[in-house]
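Worksheet for the structure shown next.
The values are calculated or read from the model by the stated rules, or taken from the named source; none is laboratory data. A quick note: this is a predicted structure, and the numbers were derived from the prediction, not measured. Virtual Cβ from ideal backbone geometry, glycine too; neighbours counted across all protein chains shown. All accessible areas refer to the heavy atoms of the entire protein, side chains included, with ligands and DNA or RNA removed. Shrake-Rupley method; radii C 1.70, N 1.55, O 1.52, S 1.80 Å.
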Amino acid sequence: MASQHGSIGKNWPSAGALLALAVLALIALPALVALGWSSPGMGSTSASLLWRAASFTLLQAVLSTLISVVLGVLLARALSRRQFFGRGFLLRLFALPQGLPALVAVLALVSLYGRAGFISRFWPELPSIYGLNGILLAHVFFNLPYAALLTLIALQQVPREQWRLAQMLGMSERAIFRVIEWPVLQNALPGIAGLIFMLCVTSFTIVLTLGGGPAATTLELAIYQALRFDYDPRLALALAMGQIGLCVLLLSFLAKFRPPFAETARLSLGPERASLSKSGNPVPDMIMIVLSALFILLPILSVILSGLTADFSRLLTERILWRAIATSGGIAFTAALIAVLIAYPLALAAIRLESKGAVKQARIFEAPVELTLLLPPVLLGAGWFLILMPSASSVGYAPVLIVLINAIMALPFVYRSLAGSLRRLVAHEDPLCESLGISGWSRFSLIDWPILKPAFRAAFTFAFLLSFGDFGVIAFFGSDSIVTLPFLIYQRLGSYRTDDAAGIALVLAVFSILMTQAFSAFGRKEHAHD
Amino acid sequence: MLRLASLLTLFFAAIVPAYAAPVLTVYTYESFTADWGPGPAVKKAFEAKCGCEVRFVSLADGVAILNRLKMEGKNSEADIVLGLDTNLTAEARNTNLFAPHGADISTVTVPNGWSDPNFLPFDFAHFAVIYDSEKIKNPPKSLDELVNGNPAEKIVIQDPRTSTPGLGLLLWMRSVYGDKAPDAWKKLSKRILTVTPGWSEAYGLFTKGEAPMVFSYTTSPAYHMIEEKTDRYQAAAFSEGHYLQIEVAGIMASSKQPALAKDFLKFMISTEFQDIIPTTNWMMPAAKTSAPLPEAFGKLVNPSKSFLFTPEEVASKRKVWTEEWQASMAQ
């Protein structure tokens, strides 16, 4: 810190980060300005209803986050301690729930835990899924695997030597948690919890369908209502800003728990823990893993099983289905790529600044990424529509906007997936590279890429699946040239064709599973040599 | 040079219409243009006689169509807007974007008659409670029986803040109970399993067997009888009468093809168009069809009384009634 004066030039973020920030601003800000500029609508909303909506939003989001994170940590610890057959396969499937369209996931959960559900049949005392219970259940289904995966990645940053030392010292599980795991978790958890919290705040279909009635009303619904039924873009924007304000308050509270950037000893890393710490009873860990795996995989299995009744001999010959697969795949691939390209320089800049103690400057690059999640995609869509409407035909720019908005929505996931590995990179490789004078492309290809590859893979997979299952803005632009898989599912459901919808949901799930396996196969060979 | 340019312009102006047929742009909702919906057949039939090309732009639903028009204003590419319902026409009229339809409405056959100068109906249906006859042996015979019935027999309804049928039930309760509607909602809330954002979620829960009743249309059983060959799902006939939904179309004042647009609306209430509607849109035709409807339609509930607030009443009261609903349901 003493040399702050001398290294001020290095506090400047890279051109890439500034460019990424500019791109992000260019996607989001004009849309918001356009909404604010639009003529005032007739919409109004009563303070008491808003208050009720805000408090319910907070209640369900805080509870959903707490449960997801606590269970996620327990699951990640269990997974980090045990090796078993199919572990890698299971971990790759953890990316799936986030990629399912909300309605598909809701119907799958209902077919298990609902009144006529599979599990309720054997366990009639199961509390009703409609109400807060159901909202929490669905949010934990979406977020537990994600929390566990990110926590596991964080735990794998613990150097091998520390586990070896703990083994030699015969440390108890409690001591290991306190001395080794907690410092790592303390770094990762505020970010993970913040992301999950925002996802739960903006959740819409789940809260409404499983909520049981208007007692379960959220701010997201108020925004949607203002934009749709009252057609009042300004009110919608104001409500969205209120929602962001609420989340900023909570996130800055969480940020207090984040310890200052700590340099860890440069030691070898790796997922060697399982082979080292033979201590402890494996039974509780395996119970945790099996129960969680069932909880996460049963709904996906249910999507597949209920899809089997569809008439595939007809469905698979429909050209529109193949077109939808290609469109969804193309949109998801491009959006994921853009998301990675924007998130990487931003995350790198933020973490470098943080490592130099410039925490406030770091937030400039981190906060916009997180907050984009709170902007409802329909709001961005509406804003852009207002801007582009007088000049172009409605169909021409729709694909571009859909890709960009999907990319923005995936940013926070990509950021979180990269952050852990970037921390290590900045702490360990930056000083080394500086002293060796390696920089630019040669540094990226020789040093950074091999270290970051697993993180890039995870980030890309998440972003891809998220866009692949996204319904969001497509319906808004209403062009018949863009038909995606989620669009097709909603369209068939909307005209009594439940079997078709289930069949297409199966196709979507199978493709998502194939994608998770395909992306993680990419470059895995080197990893195995580790 | 200038003269050459203007000559060229004249030349192209003269030959282009001979090669490119005029395009009639129709904004509608997405289940209308789906492969199995009325869209493809309507397009084919009208193109055969108009020497034009029909282009559909499909949006999520009537509300989305109206919002799109409000955003686009006079710059809209739409010539025809097809798929608003009577709950939206007052708001739509207030945008001043619509021209008179100018069609002969004497052939329109919707319950309670028709007189709107801007909008012309193309189909209609009554809202109804659909029940699973394998689970409910004694379906409610009136809205009052639904409200006061066994709370263990659940119904799934839609949210009036986000969905058209949801708004339909709100207006139906108003029509029957008037100012006492909030109390009736309080009673009914005990029978409500959940309130979904749209029709699809509710119907999906119903067909998954989560609840024995769902809020939908009198025409829903026709789909199950004709396409799935089952009598299992039936509509409950309510003695007070049923609330009506009429779907309409209108011509944009900014249309560059006003004559073509008028022809389309005329075509819309002709037998050729109306024949397509029942088994593709699963709604009742709004004018004569060339042949009697399929047998299944004869088995549907045919309400003796139809409730319908005027579009102006809906526009002015919707907000208040929705907030009342929210307050009485949230307790």
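Within the group A:G212, A:G242, which residue is facing chain B (nearest Cβ under 10 Å) and either more than 19 Å from A:D470 (Cβ to Cβ) or open to solvent by less than 30 Å² (accessible area, probe 1.4 Å) (or both)?
A:G212
So, in the stretch B:83-105, of the ones that are under 14 Å from the mean Cα position of the chain (by Cα) and among the β-branched types (V, I, T), which residue ends up nearest to B:M283 (Cα to Cα)? Explain how you work it out, then say what you get.
Narrowing the stretch B:83-105 to residues under 14 Å from the mean Cα position of the chain (by Cα): B:83-89.
So of that shortlist, the ones also among the β-branched types (V, I, T) come out as B:86, B:89.
On the way: B:T86: 15, B:T89: 19 Å.
Among those that are under 14 Å from the mean Cα position of the chain (by Cα) and among the β-branched types (V, I, T), it is B:T86.
Which residue, of B:K305, B:K299, B:K256, B:K288, is in contact with a Gly (Cβ under 6 Å, 6 or more places away or on another chain), open to solvent by 50 Å² or more (accessible area, probe 1.4 Å) and touching a residue at least 24 places away in the same chain (Cβ under 8 Å)? Outline the logic, then answer.
On the way: B:K299 fails: in contact with a Gly (Cβ under 6 Å, 6 or more places away or on another chain); B:K256 fails: in contact with a Gly (Cβ under 6 Å, 6 or more places away or on another chain); B:K288 fails: in contact with a Gly (Cβ under 6 Å, 6 or more places away or on another chain).
Exactly one of B:K305, B:K299, B:K256, B:K288 is in contact with a Gly (Cβ under 6 Å, 6 or more places away or on another chain), open to solvent by 50 Å² or more (accessible area, probe 1.4 Å) and touching a residue at least 24 places away in the same chain (Cβ under 8 Å), namely B:K305.
Going through A:V303, A:V359, A:V340 one at a time, which residue ends up being touching a helix residue (DSSP H, G or I) at 6+ places or on another chain (Cβ under 7 Å) and within 30 Å of A:D430 (Cβ to Cβ)? Let's see the steps before the verdict.
Values: A:V303 fails: within 30 Å of A:D430 (Cβ to Cβ); A:V359 fails: touching a helix residue (DSSP H, G or I) at 6+ places or on another chain (Cβ under 7 Å).
Sole residue among the options that is touching a helix residue (DSSP H, G or I) at 6+ places or on another chain (Cβ under 7 Å) and within 30 Å of A:D430 (Cβ to Cβ): A:V340.
Select from the stretch A:225-234 the residues that are more than 7 Å from chain B (Cβ to nearest Cβ) and either not small (G, A, S) or not in a helix (DSSP H, G or I) (or both) and list them in ascending order. Spell out how you get there, then give the answer.
Of all residues in the stretch A:225-234, those more than 7 Å from chain B (Cβ to nearest Cβ) come to A:226-227, A:230, A:232-234.
Selection gives A:L227, A:D230, A:D232, A:P233, A:R234.
Given the criterion touching a Cys at 6+ places or on another chain (Cβ under 7 Å) and surrounded by fewer than 19 Cβ atoms within 10 Å (Cβ to Cβ), identify the matching residue among A:S439, A:S445. Quick ask: steps written out before the conclusion?
Details: A:S445 fails: touching a Cys at 6+ places or on another chain (Cβ under 7 Å).
Checking each option against the conditions leaves just A:S439.
Which one is nearest to the other protein chains (Cβ to nearest Cβ), of the residues in the stretch A:506-517 that are open to solvent by 10 Å² or more (accessible area, probe 1.4 Å) and among the hydrophobic types (A, V, I, L, M, F, W, C)? Break it down stepwise before answering.
The first filter runs over the stretch A:506-517 and keeps only residues open to solvent by 10 Å² or more (accessible area, probe 1.4 Å), leaving A:506-507, A:510-511, A:513-515, A:517.
If we keep only those that are among the hydrophobic types (A, V, I, L, M, F, W, C) as well, we get A:506-507, A:510-511, A:513-515.
Values: A:L506: 15, A:V507: 17, A:V510: 20, A:F511: 21, A:I513: 23, A:L514: 26, A:M515: 26 Å.
Among those residues, the one meeting the criterion is A:L506.
Would you check which residues across the stretch A:287-301 are open to solvent by less than 40 Å² (accessible area, probe 1.4 Å) and farther than 16 Å from A:I119 by Cα and list them?
Correct list: A:I289 only.
Please note which helices (runs of 4 or more DSSP H) are completely contained in the stretch A:301-395 and include at least 3 residues that are within 13 Å of chain B (Cβ to nearest Cβ) and under 29 Å from A:V510 (Cα atoms). It would help to see each step written out before you state the result.
Numbers: elements: A:312-315, A:319-355, A:359-372, A:377-388.
Answer list for the stretch A:301-395: A:319-355.
Considering each of B:P311, B:P294 in turn, give the residue that is more than 13 Å from chain A (Cβ to nearest Cβ) and open to solvent by less than 30 Å² (accessible area, probe 1.4 Å). Full working, then the answer.
Numbers: B:P294 fails: open to solvent by less than 30 Å² (accessible area, probe 1.4 Å).
It is B:P311.
Name the single residue, out of those in the stretch A:87-126 being within 14 Å of chain B (Cβ to nearest Cβ) and part of a loop (DSSP other than H, G, I, E, B), that is most open to solvent (accessible area, probe 1.4 Å).
Filtering the stretch A:87-126 down to residues within 14 Å of chain B (Cβ to nearest Cβ) leaves A:101-121, A:124, A:126.
Cutting the leftovers down to part of a loop (DSSP other than H, G, I, E, B) gives us A:101, A:114-117, A:124, A:126.
Working: A:P101: 4, A:G114: 2, A:R115: 117, A:A116: 38, A:G117: 1, A:P124: 97, A:L126: 39 Å².
The selected residue is A:R115.
What single numbered condition from (1) away from chain A (no Cβ under 14 Å); (2) closer than 30 Å to A:A502 by Cβ fails to hold for B:M213?
B:M213 satisfies every listed condition except (1).
What are the residue pairs meeting all of these: first residue in the stretch B:180-198, first residue within 11 Å of chain A (Cβ to nearest Cβ), second residue among the small types (G, A, S) and open to solvent by less than 10 Å² (accessible area, probe 1.4 Å), Cβ atoms under 6 Å, and 6 or more apart or on different chains?
Cβ pairs passing all conditions: B:W185/B:S328; B:L193/B:A211; B:T196/B:A202; B:G198/B:S163.
Hey, could you check the stretch B:46-101 for residues that are in a helix (DSSP H, G or I) and more than 14 Å from chain A (Cβ to nearest Cβ) and say which is nearest to B:Q257 (Cα to Cα)? Let's see the steps before the verdict.
At the first step, the residues of the stretch B:46-101 found to be in a helix (DSSP H, G or I) are B:46-50, B:62-75, B:89-94.
Narrowing further to those that are more than 14 Å from chain A (Cβ to nearest Cβ): B:46-50, B:89, B:93.
Working: B:F46: 15, B:E47: 15, B:A48: 17, B:K49: 16, B:C50: 12, B:T89: 22, B:R93: 20 Å.
Filtering first and then ranking leaves B:C50.
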